[in-house]
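Asks: Have a look at this one.
Please treat every number below as a calculation from the coordinates, not as lab data. What you are looking at is a predicted structure, and each value in this text was computed from that prediction instead of being measured. Reconstructed Cβ throughout: ideal geometry from the backbone, glycine too, with neighbour counts over all protein chains shown.
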Amino acid sequence: MLTIGYIGNGKSTNRYHLPFVQQRDHIKVKTIYRRSPERDQWDKMEGVHYTTDLEELLQDKEIQLIVICTRYDSHYEYAKQVLAHDKHCLVEKPFMETSEQAKEIFALAKEKGLIIQAYQNRRFDSDFLTVQKVIEEGKVGELLEVEMHFDYYRPHVPESVNSFNAAASFLYEHGCHTLDQVVSYFGKPDHVYYDVRQLLGPGRMNDYFDLDLYYGKLKVSVKSSYFRLKSRPSFVVYGTKGCFVKQTKDRQEEHLKLFHMPDHDDFGVDTLEHYGVLTSIDEEGTVHEETVKSVNGDYGRVYDDLYEAVINGKEKAITDQETLWQMEMLETGVKHLK
């Protein structure tokens, strides 16, 4: 049994973590710490102890791992405290505010023989897993280009912000999902081209980014905007023999927002209308078009990997180096903005 506790009792803990942990018999949630119980907006989890005493959580010898689900600007200090108390640690995204903070935290964990990593649940998005399946089946031929889009039409958001904060930028908040997907599958890029903008001008929020990551002849483009009235496809894959288009995103977040939880058999599952389309050409020059059934996603697989690492001593799936590559790209992308 892996016994865990949480720092933070807001949306992150209750929407993106606990519903998946509750589906795993080999993980026990013992304690949740929150500073302000008067702000609790979520139903309490049965059998879990809630506290306003952080030391009570940190000093509990039964708890092996603590999950940090707080604002990005508290991750660094909380992570240091968790490691200082000889606990393994899982940290929500963005992992840290800077790559230097991340390096320090990883070094401290290594020195103490502990595991710390980011909660990169989007590695287990259905659309991303389906793209991997299509690539590996080889029907698109040699891979040439991958486009990844994460679009909104929410102009009220950037229009309401009159300052710029690097660690709270659009690139940090959403690039931490998509850039992690890229490095987890393709590794470190040879070089990166950055187009990160404030469409409303200096002194406003970052509301657009377009990064091109190059791997030899392969280009992977990661694009997002707050001003897309019609969203671009979630993924488009081009190869020498075909292409694959996945129009819609993973549905886990959609279902969580509707309180349709992972205990339902159809949770996060694509139906026929959400399937991607593969178009390819065979040796005779005949073009084929087929609908590709989506691979089911599961954010909880982050916890499965952590269980194996903490309890069975296996290597963690989300490596320090991958997180550092991502952090360095986030920093570089926004450094010119003011």
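Asks: Size of segment 66-224 along its principal axes in angstrom, Cα-based, largest extent first?
Replies: 50, 43, 27
Asks: Taking amide H positions as placed in the peptide plane 1.01 Å from N, state which residues far from HIS49 in sequence (5 or more) or on other chains have amide H under 5 Å from it.
Replies: The list, which skips near neighbours in sequence, is THR31, ILE32.
Asks: Determine, for each peptide in 166-177, 231-242, the mean count of other beta carbons within 10 angstrom over its residues, then list the peptides with the highest first.
Replies: Taking the mean over residues of other Cβ atoms within 10 Å, the ranking is 166-177, 231-242.
Asks: Can you tell me the order of 187-198, 10-21 when each peptide is scored by its average per-residue count of other Cβ atoms within 10 angstrom, highest first?
Replies: Going from most to least packed, we get 10-21, 187-198.
Asks: More than 26 Å apart: what percent of Cα pairs in the chain qualify?
Replies: Result: 52 percent of Cα pairs exceed 26 Å.
Asks: Which peptide among 104-115, 282-293 comes first, and what is the full order, when sorted by highest mean count of other Cβ atoms within 10 Å?
Replies: My ranking of the peptides, most packed first, is 104-115, 282-293.
Asks: Another question, then. Considering amide H positions built from the backbone, and no H for Pro or chain starts, which residues 5 or more places from ILE27, or on another chain, come under 5 Å of its amide H?
Replies: Hits under the 5 Å cutoff: LEU2.
Asks: Further question on the same structure: Set the bar at 21 Å for Cα to Cα. Now go through LYS133/LYS241; LYS28/LYS103; LYS219/LYS293; LYS249/LYS293; LYS93/LYS338; LYS44/LYS314 and name every pair that lies beyond it.
Replies: Exceeds cut-off: LYS28/LYS103; LYS219/LYS293; LYS93/LYS338; LYS44/LYS314.
Asks: Another question, then. Could you give each residue of segment 24-34 its phi-based ³J(HN,Hα) in whole Hz, using Karplus coefficients 6.51, -1.76, 1.60 with θ = phi - 60°, and x for Gly or Pro?
Replies: Taking θ as phi minus 60°, the curve returns 10, 5, 8, 10, 10, 8, 9, 9, 10, 9, 9 Hz for segment 24-34.
Asks: Explain nothing, just compute: Karplus ³J(HN,Hα) = 6.51 cos²θ - 1.76 cosθ + 1.60, θ = phi - 60°, for every residue of segment 281-287 in order, whole Hz, x for Gly and Pro.
Replies: 10, 8, 5, 8, x, 7, 8
Asks: With θ taken as phi - 60° and the coefficients 6.51, -1.76 and 1.60, list the Karplus ³J(HN,Hα) couplings across segment 274-279 in order, rounded to whole Hz; mark glycine and proline as x.
Replies: Computed from phi, the couplings for segment 274-279 are 9, 5, x, 10, 9, 10 Hz.
Asks: Which far-off residues, 5 or more places away or on another chain, put their amide H under 5 Å from the one on VAL67, with H placed in the peptide plane?
Replies: Sorted by chain and number, the residues that satisfy this are GLY5, TYR6, ILE7, LEU90.
Asks: Quick check on segment 122-297: what does the Kirkwood estimate of hydrodynamic radius come out to from the alpha carbon pairs, in Å?
Replies: Taking every pair of different Cα atoms in segment 122-297, averaging 1/r and inverting gives 17.5 Å.
Asks: When you take every Cα atom in segment 45-106, what is the radius of gyration, and what is Dmax, the widest Cα pair distance, in Å?
Replies: 12.2, 39
Asks: Additional query: Nearest 5 is fine: what % of DSSP beta bridges in segment 122-297 come out antiparallel, could you say?
Replies: In segment 122-297, approximately 85 percent of DSSP beta bridges are antiparallel ones.
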